[in-house]
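K.L.:
Take a look at this one; I'll ask things after.
The values are calculated or read from the model by the stated rules, or taken from the named source; none is laboratory data. Only a predicted model underlies this, so the values are computations on that prediction, with no experimental measurement involved. Here the Cβ is made from the backbone with ideal geometry for all residues, glycine too, and neighbour counts use every protein chain on show.
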């Protein structure tokens with residue numbers, strides 16, 4: 001029962017911290033109680049992540065300090081007291097009850113994931129692993145690895161108290177709660193522009209969207225960033241409409257939390273800033289917005305700058321002085337740009353593809369988009385004709401609509417992401433998906449002024465939900481098997497993580513004084529022995545670039561990092577120039593390693609569809625000998 005109690009305390013902490021912010025900014029009374037609670041949770045999640053940064057720098061990642069922080073934050077819930085004059089909630093009709101029931105079904109599927117061990121690759125590779133690493137150290141540590149180490153980690157900071165106080169059960173349950181915080185928030189935002197039925201329908205579409213199903217129940221940050229984006233967009237629109245500096249500051253705070261959670265948050269701050277700077281009084285309003293955003297999200301950029309000389313490490317390499325820390329070099333910078341980022345982009349960055357991308361990503365996107373497995377589903381494309389008809393019908397009101405600023409934010413963010421961003425994966429746009437759903441649903445509803453048109457639009461919702469909920473249910477079967485069959489953690493992980501058998505052996509036989517070198521990223525969180533995860537293009541302290549071949553230098557680099565063992569994949573035929581295979585094979589030929597254990601690994605194509613064809617590979621645990629082997 002510890003895990004649910006810790007998650008309940010952390011939820012109260014977020015509610016309390018956010019309610020305190022709303023009270024300090026003087027906007028509490030402008031929100032009804034439901035919206036106030038949802039805004040409080042979203043903002044409080046950001047504040048908690050923000051507070052844990054200085055706590056980590058000061059070395060306060062221990063149970064007592066984390067418990068006190070959560071308890072102190074929870075005291076702020078006094079600002080959420082529901083007024084005694086509050087009116088009773090609305091009475092739902094049969095359609096609304098049906099929609100609410102389907103939302104409950106989707107929540108049940110996600111709860112099953114929250115009650116299961118983590119199995120998502122990125123979560124195991126760094127989202128959860130970094131929280132585990134920081135807790136083991138008792139403090140925040142700089143991880144000199146591009147893309148998933150030296151990056152903004154505000155959201156991952158909220159995983160630290162859950163894991164530290166409640167263990168893995170609290171960690172996965174917290175991802176369920178925080179992911180569904182977006183659903184509740186989105187409903188309240190929809191209610192500003194839509195009736196109950198359409199607000200519930202839009203929420204149901206959101207929570208069953210493949211990108212949400214994939215990421216909201218795991219350690220992926222996009223669903224949590226979407227909460228910050230929604231609050232920032234609504235606050236920015238209010239700041240523009242009223243000229244209020246309070247809303248400008250609130251928009252800056254929420255956008256800053258997005259910036260503190262992912263580099264793409266810089267694009268969102270710029271997009272939101274465009275709206276805040278429009279209209280009279282733009283200079284003061286813009287200064288307030290920028291100051292709040294910098295305070296809320298700037299600490300991680302300062303952290304990177306302090307350690308590397310680059311606030312967005314390693315994107316400004318060659319422009320800024322990195323010193324002699326050894327974290328980066330020209331060879332890795334070139335490889336990151338040409339090989340890694342090149343693989344992340346499938347279409348040219350030009351105006352034509354900017355217009356075509358949403359359609360191609362929905363219909364038949366290339367593999368780099370990942371739009372089939374983690375995309376946005378068919379809803380936007382199907383409802384688009386209705387939305388365009390609504391825009392045309394009320395074209396004289398579009399410019400003055402309260403949704404126009406939100407539309408501007410979405411368009412500018414997408415443009416910056418498409419033309420400047422390094423990846424074209426659809427799920428990276430998830431933070432603005434709720435805003436897009438709000439826009440197209442509201443526009444479509446404007447056109448539906450009669451029963452026939454309503455039925456047509458409702459058919460779009462029904463078709464979308466039927467397809468997406470079926471996929472959601474299929475995804476949830478894996479977790480249902482674990483929860484209802486009483487499956488052990490080890491059995492679940494053996495089914496879902498191909499190399500887990502090697503993890504079991506390492507955890508049972510190696511000592512805390514050992515350190516394992518590996519490149520199988522989805523094992524990082526699961527291994528209890530200290531590890532060093534290397535990436536061919538993401539870190540330079542141990543050089544495993546395809547072009548690198550210097551076993552003696554490789555041996556020195558391993559020794560400098562305290563490596564005692566290597567977990568490697570034995571490929572047949574040998575990989576040759578691929579990744580670091582040449583390096584460790586060179587050490588073997590020189591007699592610098594000894595084979596301690598060999599594992600037969602059964603690989604699979606999908607956790608969700610285990611009947612797909614399987615393969616076989618072999619893992620080796622190698623012991624590293626001392627330098628006497630180097631001739």
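Yes or no, residue by residue, for (1) surrounded by fewer than 14 Cβ atoms within 10 Å (Cβ to Cβ); (2) on the phi > 0 side of the Ramachandran plot; (3) out of contact with any helix residue (DSSP H, G or I) (no Cβ under 6 Å at 6 or more places or on another chain):
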{"site": "361", "(1), (2), (3)": "no, no, no"}
{"site": "364", "(1), (2), (3)": "yes, no, yes"}
{"site": "373", "(1), (2), (3)": "no, no, yes"}
{"site": "382", "(1), (2), (3)": "no, no, no"}
{"site": "401", "(1), (2), (3)": "no, no, yes"}
{"site": "406", "(1), (2), (3)": "no, no, no"}
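K.L.:
Another question, then. Which of the numbered conditions does residue 490 fail, given that it passes all the others? Conditions: (1) under 30 Å from residue 555 (Cα atoms); (2) over 24 Å from the mean Cα position of the chain (by Cα); (3) without any contact (Cβ under 8 Å) to a residue 60 or more places away in the chain.
P.N.:
Condition not satisfied by residue 490: (1).
K.L.:
Which of the helices (runs of 4 or more DSSP H) contained wholly in the range 400-498 include at least 2 residues that are at pLDDT 95 or above, closer than 30 Å to residue 254 by Cα and not assigned by TED's automatic domain parsing to the domain that holds residue 224?
P.N.:
Helices (runs of 4 or more DSSP H) meeting the threshold: none at all.
K.L.:
Any residue at all in the range 39-46 that's within 24 Å of residue 223 (Cβ to Cβ) and either free of Cβ contacts under 8 Å to residues at least 40 places away in the same chain or not assigned by TED's automatic domain parsing to the domain that holds residue 234 (or both)? Walk me through it before giving the result.
P.N.:
Filtering the range 39-46 down to residues within 24 Å of residue 223 (Cβ to Cβ) leaves 39-46.
Checking which are either free of Cβ contacts under 8 Å to residues at least 40 places away in the same chain or not assigned by TED's automatic domain parsing to the domain that holds residue 234 (or both) leaves us with 44.
Taking every residue of the range 39-46 in turn, at least one turns out to be within 24 Å of residue 223 (Cβ to Cβ) and either free of Cβ contacts under 8 Å to residues at least 40 places away in the same chain or not assigned by TED's automatic domain parsing to the domain that holds residue 234 (or both).
K.L.:
Another one. Which condition number in (1) surrounded by 14 or more Cβ atoms within 10 Å (Cβ to Cβ); (2) at pLDDT 95 or above; (3) not in a loop (DSSP other than H, G, I, E, B) is the one that residue 79 fails?
P.N.:
Every condition holds for residue 79 apart from (2).
K.L.:
Looking for whichever is crowded, with 23+ Cβ neighbours inside 10 Å, at pLDDT 95 or above and in a helix (DSSP H, G or I) here; the options are 271, 290. Which one fits? Spell out how you get there, then give the answer.
P.N.:
Working: 290 fails: crowded, with 23+ Cβ neighbours inside 10 Å.
Just one listed residue meets the conditions, 271.
K.L.:
Looking at 89, 59, 73, 101, which is the one that is part of a loop (DSSP other than H, G, I, E, B) and either at pLDDT 95 or above or within 29 Å of residue 308 (Cβ to Cβ) (or both)? Outline the logic, then answer.
P.N.:
Numbers: 89 fails: either at pLDDT 95 or above or within 29 Å of residue 308 (Cβ to Cβ) (or both); 73 fails: part of a loop (DSSP other than H, G, I, E, B); 101 fails: part of a loop (DSSP other than H, G, I, E, B).
Among 89, 59, 73, 101, only 59 is part of a loop (DSSP other than H, G, I, E, B) and either at pLDDT 95 or above or within 29 Å of residue 308 (Cβ to Cβ) (or both).
K.L.:
So in the range 597-620, with the set limited to residues that are surrounded by 15 or more Cβ atoms within 10 Å (Cβ to Cβ) and more than 30 Å from residue 480 (Cβ to Cβ), which one is modelled with the highest pLDDT?
P.N.:
The residue in question is 597.
K.L.:
So for the range 443-461 (the condition being within 21 Å of residue 214 (Cα to Cα) and in contact (Cβ under 8 Å) with a residue 24 or more places away in the chain), does at least one residue qualify? Even if it seems obvious, please write down each step before you answer.
P.N.:
Within the range 443-461, the subset within 21 Å of residue 214 (Cα to Cα) is 461.
Filter again for in contact (Cβ under 8 Å) with a residue 24 or more places away in the chain, leaving 461.
Yes, because at least one residue in the range 443-461 is within 21 Å of residue 214 (Cα to Cα) and in contact (Cβ under 8 Å) with a residue 24 or more places away in the chain.
Residue by residue, here is whether (1) free of Cβ contacts under 8 Å to residues at least 24 places away in the same chain; (2) surrounded by fewer than 24 Cβ atoms within 10 Å (Cβ to Cβ); (3) part of a helix (DSSP H, G or I) holds:
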| site | (1), (2), (3) |
| --- | --- |
| 125 | no, yes, yes |
| 134 | no, yes, yes |
| 139 | no, yes, no |
| 144 | no, yes, no |
| 147 | no, yes, no |
| 155 | no, no, yes |
| 161 | no, no, yes |
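K.L.:
Same structure again: Can you find even one residue in the range 578-593 that is modelled with pLDDT of 90 or more and part of a strand (DSSP E or B)?
P.N.:
Yes, because at least one residue in the range 578-593 is modelled with pLDDT of 90 or more and part of a strand (DSSP E or B).
K.L.:
Of (1) under 30 Å from residue 544 (Cβ atoms); (2) free of Cβ contacts under 8 Å to residues at least 12 places away in the same chain, residue 373 satisfies all except one. Which?
P.N.:
So the condition that residue 373 fails would be (2).
K.L.:
Inspect all residues belonging to the range 177-184 and state whether any of them is modelled with pLDDT of 95 or more, surrounded by fewer than 24 Cβ atoms within 10 Å (Cβ to Cβ) and farther than 29 Å from residue 382 by Cβ.
P.N.:
Among the residues of the range 177-184, at least one is modelled with pLDDT of 95 or more, surrounded by fewer than 24 Cβ atoms within 10 Å (Cβ to Cβ) and farther than 29 Å from residue 382 by Cβ, which makes the answer yes.
This table checks each residue for (1) surrounded by fewer than 16 Cβ atoms within 10 Å (Cβ to Cβ); (2) in contact (Cβ under 8 Å) with a residue 40 or more places away in the chain; (3) part of a loop (DSSP other than H, G, I, E, B).
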{"site": "301", "(1), (2), (3)": "no, yes, no"}
{"site": "312", "(1), (2), (3)": "no, yes, yes"}
{"site": "328", "(1), (2), (3)": "no, yes, yes"}
{"site": "334", "(1), (2), (3)": "yes, no, no"}
{"site": "340", "(1), (2), (3)": "no, yes, no"}
{"site": "348", "(1), (2), (3)": "yes, no, yes"}
{"site": "352", "(1), (2), (3)": "yes, no, no"}
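K.L.:
Restricting the search to the range 550-574, which residues are at pLDDT below 85 and over 14 Å from residue 520 (Cβ atoms)?
P.N.:
572, 573, 574
To keep it simple, each residue is scored yes or no on (1) loosely packed, with under 14 Cβ neighbours inside 10 Å; (2) under 30 Å from residue 620 (Cα atoms); (3) in contact with a strand residue (DSSP E or B) (Cβ under 8 Å, 6 or more places away or on another chain).
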{"residue": "458", "(1), (2), (3)": "no, no, no"}
{"residue": "463", "(1), (2), (3)": "yes, no, no"}
{"residue": "467", "(1), (2), (3)": "no, no, no"}
{"residue": "472", "(1), (2), (3)": "no, no, no"}
{"residue": "483", "(1), (2), (3)": "no, no, no"}
{"residue": "487", "(1), (2), (3)": "no, yes, no"}
{"residue": "493", "(1), (2), (3)": "no, yes, no"}
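K.L.:
Now, a different point. Could you tell me which of the residues 51, 68 is at pLDDT 95 or above and within 25 Å of the chain's Cα centre (by Cα)?
P.N.:
Values: 68 fails: within 25 Å of the chain's Cα centre (by Cα).
Result: 51 is the single residue among 51, 68 that is at pLDDT 95 or above and within 25 Å of the chain's Cα centre (by Cα).
K.L.:
Starting from residues that are in contact with a helix residue (DSSP H, G or I) (Cβ under 7 Å, 6 or more places away or on another chain) and under 23 Å from residue 337 (Cα atoms), keep the ones in the range 501-535 and report whichever is surrounded by the most Cβ atoms within 10 Å (Cβ to Cβ).
P.N.:
My answer is 533.
K.L.:
Please work out which one of (1) surrounded by fewer than 24 Cβ atoms within 10 Å (Cβ to Cβ); (2) without any contact (Cβ under 8 Å) to a residue 60 or more places away in the chain is the condition residue 241 fails and give its number.
P.N.:
Every listed condition holds for residue 241 apart from (2).
K.L.:
Across the range 305-335, what is the total count of residues that are at positive phi and modelled with pLDDT of 90 or more? Before you say what the answer is, go through the steps one by one.
P.N.:
Filtering the range 305-335 down to residues at positive phi leaves 309, 318, 323, 326.
Next, from what is left, pick out any that are modelled with pLDDT of 90 or more: 309.
The total comes to 1.
K.L.:
In this structure, is residue 415 within 26 Å of the chain's Cα centre (by Cα) and over 23 Å from residue 212 (Cα atoms)? Break it down into steps so the answer makes sense when it comes.
P.N.:
On the way: within 26 Å of the chain's Cα centre (by Cα): yes; over 23 Å from residue 212 (Cα atoms): no.
For residue 415, the condition - within 26 Å of the chain's Cα centre (by Cα) and over 23 Å from residue 212 (Cα atoms) - is not met.
K.L.:
Picking from 249, 278, which residue would you name as being in the same structural domain as residue 377 (by TED's automatic domain parsing), more than 30 Å from residue 170 (Cβ to Cβ), in contact (Cβ under 8 Å) with a residue 40 or more places away in the chain and part of a loop (DSSP other than H, G, I, E, B)?
P.N.:
Numbers: 249 fails: part of a loop (DSSP other than H, G, I, E, B).
Criteria check complete, one pass: 278.
K.L.:
Oh, and also: Could you tell me whether the range 361-375 includes any residue that is more than 16 Å from residue 211 (Cβ to Cβ) and not in a helix (DSSP H, G or I)?
P.N.:
Yes: the range 361-375 contains one or more residues that are more than 16 Å from residue 211 (Cβ to Cβ) and not in a helix (DSSP H, G or I).
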